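Following this message is one structure expressed as structure tokens.
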Amino acid sequence: MKNLLKRIIEETDKGKDLILMSVVSSSGSTPREAGSRMLLFDDGTIYGTIGGGSVEYNSIKYGKTFLKDKESGTHSFMLTQNEVEDIGMVCGGTVVINFYYIGHKNLELIDGFKSAYTWANNNENFIIVESPNKGISFIEGDEVKGSLPEDLTKKIKEALKERSKSKIIIDYEESKFFVEEIKRKIRVILFGAGHVSQALAPILSYLDFNVLVCDDREEFITKERFPSASERILIDFSKVSDYIDIGANDYLCVLTRGHKYDEVIQAQALKTKAPYIGVIGSRRKKKSVDMRLKERGFSDKDIERIVSPIGIDIACETPREIGISIAAQLIDLRLKSAN
């Protein structure tokens, strides 16, 4: 989302108009879910994707018309079995896409996008509200950017909380509003700045995780080694809480250079509410460390929280391959926790 907002701001600052396409609902098996977005520029180029294939192809054609007419609107696409075979997708169903005309002279709307980009850049939660005939608005706490009535704003917040979903559709005064809560990025804390962490950090950053790397060796946590990490911290592994406040939304990857450090960090991690504690190493190593953790007073139930060996079970040897297996496991966990 942050990169898409940034691109909207860059293009409108250049005096260009564009179309924002948003998947607002889908049924059956479709290539992209609600919340997928794509930009269409006046030269016909795009940024992002709403699934590829015939849906995206035809959406671009509709988008060009909306851009030419400087209008917004909605269109539904149906994927029949024949169309599915033609485009090479094992899917079918209905996709509803909203098309929003974003004119560079619409300063109120552009200001809303700029505020949303600031919130995203600061890793803050915010809400985007879309309706083809009512426009796009943004909510962050008590701040509203756009023309949302106070009672609708209240209704949106209550609905998100009650339904425990990040994407919903609200009916209000004969209009439908697609609402998505953009939640702050999940932070992944990498303990250890060796080869696996160096391979894993850019993959996680690309996947929109917030990456923190920590080590007790200053020369290992440089910006040159970890340019994509949001934070690099020199710590004492035996006193993690003195440096990092680990919360219920943090994923922990223990990738240090030795069993001694791994055990010390695991003992501290088990006292936090972190939903994921992954530890690199063999099953033999895990058995040895588990025994020592029990000697520290941890129960079998406590130790079951630890995922070791870390990552999904694929044949991998190199740091990059191991990094991909870990990233895949974290993607799966993130998606499951969001649904």
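Mind listing just one residue for me: the one in the stretch 237-265 that is in contact with an Asp or Glu (Cβ under 6 Å, 6 or more places away or on another chain) and of a type in the set (A, V, I, L, M, F, W, C) and, of those, nearest to ALA328 (Cα to Cα)?
VAL254
A follow-up question, please. Do we find a residue being closer than 26 Å to SER36 by Cβ, aliphatic (A, V, I, L, M) and out of contact with any Ser or Thr (no Cβ under 8 Å at 6 or more places or on another chain) anywhere in the stretch 205-223?
Yes, the stretch 205-223 has at least one match.
I would also like to ask the following. What residue, of LEU107, LEU40, is over 24 Å from the mean Cα position of the chain (by Cα), modelled with pLDDT of 80 or more and either at negative phi or crowded, with 20+ Cβ neighbours inside 10 Å (or both)?
Answer to the selection: LEU107.
Tell me which residues, restricted to the stretch 46-64, are of a type outside the set (A, V, I, L, M, F, W, C) and in contact with a strand residue (DSSP E or B) (Cβ under 9 Å, 6 or more places away or on another chain).
TYR47, GLY48, THR49, GLY51, GLY53, SER54, GLU56, ASN58, SER59, TYR62, GLY63, LYS64
Please determine, by comparing only the residues of the stretch 303-339 that are among the acidic types (Asp, Glu) and not in a helix (DSSP H, G or I), which one is nearest to the chain's Cα centre (by Cα).
ASP313
Could you tell me which residue of the stretch 160-196 is farthest from the chain's Cα centre (by Cα), considering only residues that are of a type in the set (S, T, N, Q) and either in a loop (DSSP other than H, G, I, E, B) or more than 19 Å from PHE138 (Cβ to Cβ) (or both)?
Top of the filtered list is SER164.
Checking ARG257 against (1) assigned to a loop (DSSP other than H, G, I, E, B); (2) closer than 30 Å to ASN3 by Cβ: exactly one of these is not met. Which one?
So ARG257 meets the others, but not (2).
Looking only at the stretch 118-151, count every residue that is buried (at least 20 other Cβ atoms within 10 Å of the Cβ) and either hydroxyl-bearing (Ser, Thr, Tyr) or assigned to a helix (DSSP H, G or I) (or both) and tell me the total.
Looking only at that region, the number is 4.
Test ILE156 against the criterion of being in a strand (DSSP E or B), more than 18 Å from the chain's Cα centre (by Cα) and at pLDDT 90 or above, and give yes or no. It would help to see each step written out before you state the result.
On the way: in a strand (DSSP E or B): no; more than 18 Å from the chain's Cα centre (by Cα): yes; at pLDDT 90 or above: yes.
So ILE156 fails the test.
I would also like to ask the following. Looking only at the stretch 235-257, which residues are touching a helix residue (DSSP H, G or I) at 6+ places or on another chain (Cβ under 6 Å) and loosely packed, with under 14 Cβ neighbours inside 10 Å?
SER238
Among the numbered criteria (1) touching a residue at least 40 places away in the same chain (Cβ under 8 Å); (2) in contact with a Lys or Arg (Cβ under 6 Å, 6 or more places away or on another chain), which one does ARG187 miss?
Result: ARG187 fails condition (2) only.
Just one of the numbered conditions (1) among the hydrophobic types (A, V, I, L, M, F, W, C); (2) in a helix (DSSP H, G or I); (3) surrounded by fewer than 21 Cβ atoms within 10 Å (Cβ to Cβ); (4) without any contact (Cβ under 8 Å) to a residue 40 or more places away in the chain is not true of ALA199; which one?
Exception for ALA199: condition (4).
Go through the stretch 202-236 and count every residue that is part of a strand (DSSP E or B) and farther than 29 Å from ASP332 by Cα.
Summing the residues that are part of a strand (DSSP E or B) and farther than 29 Å from ASP332 by Cα in the stretch 202-236 gives 1.
Say we look at the stretch 237-252 and pick out the residues that are of a type in the set (Phe, Trp, Tyr) and either on the phi > 0 side of the Ramachandran plot or not in a strand (DSSP E or B) (or both); which of these is nearest to the chain's Cα centre (by Cα)?
TYR243
To continue, here is another question. Can you find a residue in the stretch 307-330 that is among the β-branched types (Val, Ile, Thr), surrounded by 11 or more Cβ atoms within 10 Å (Cβ to Cβ) and within 15 Å of ASP262 (Cα to Cα)? So that I can check it myself, show each step before the final result.
Keep residues of the stretch 307-330 that are among the β-branched types (Val, Ile, Thr), which gives 307, 310, 312, 314, 318, 322, 324, 326.
Checking the rest, the ones that are also surrounded by 11 or more Cβ atoms within 10 Å (Cβ to Cβ) come to 307, 310, 312, 318, 322, 324, 326.
Retained after the next criterion (residues that are within 15 Å of ASP262 (Cα to Cα)): 307, 310.
Checking the stretch 307-330: at least one residue is among the β-branched types (Val, Ile, Thr), surrounded by 11 or more Cβ atoms within 10 Å (Cβ to Cβ) and within 15 Å of ASP262 (Cα to Cα).
Right, another one. Return a yes/no flag: does the stretch 133-142 have any residue that is under 19 Å from LEU67 (Cβ atoms), modelled with pLDDT of 95 or more and of a type in the set (Val, Ile, Thr).
Looking for residues that are under 19 Å from LEU67 (Cβ atoms), modelled with pLDDT of 95 or more and of a type in the set (Val, Ile, Thr), one finds at least one in the stretch 133-142, hence yes.
Among the numbered conditions (1) in a loop (DSSP other than H, G, I, E, B); (2) among the small types (Gly, Ala, Ser); (3) modelled with pLDDT of 90 or more, tell me where GLY51 comes up short.
(3)
Filter the stretch 267-295 down to the residues that are of a type in the set (S, T, N, Q) and more than 15 Å from ILE244 (Cβ to Cβ), then identify the one that is surrounded by the fewest Cβ atoms within 10 Å (Cβ to Cβ).
Residues of the stretch 267-295 that are of a type in the set (S, T, N, Q), as a first pass: 268, 272, 282, 288.
Retained after the next criterion (residues that are more than 15 Å from ILE244 (Cβ to Cβ)): 282, 288.
Numbers: SER282: 10, SER288: 14.
Out of the qualifying residues, it is SER282.
Here are some conditions: (1) modelled with pLDDT of 90 or more; (2) crowded, with 18+ Cβ neighbours inside 10 Å; (3) closer than 23 Å to GLU124 by Cβ; (4) not charged (D, E, K, R). ILE182 meets all but one. Which one does it not meet?
Only one criterion is unmet by ILE182, namely (1).
The values are calculated or read from the model by the stated rules, or taken from the named source; none is laboratory data. These numbers were taken from a predicted model, which means no experiment stands behind them. Ideal geometry is used to build each Cβ from the backbone, glycine not excepted, and the neighbour counts take in all protein chains shown.
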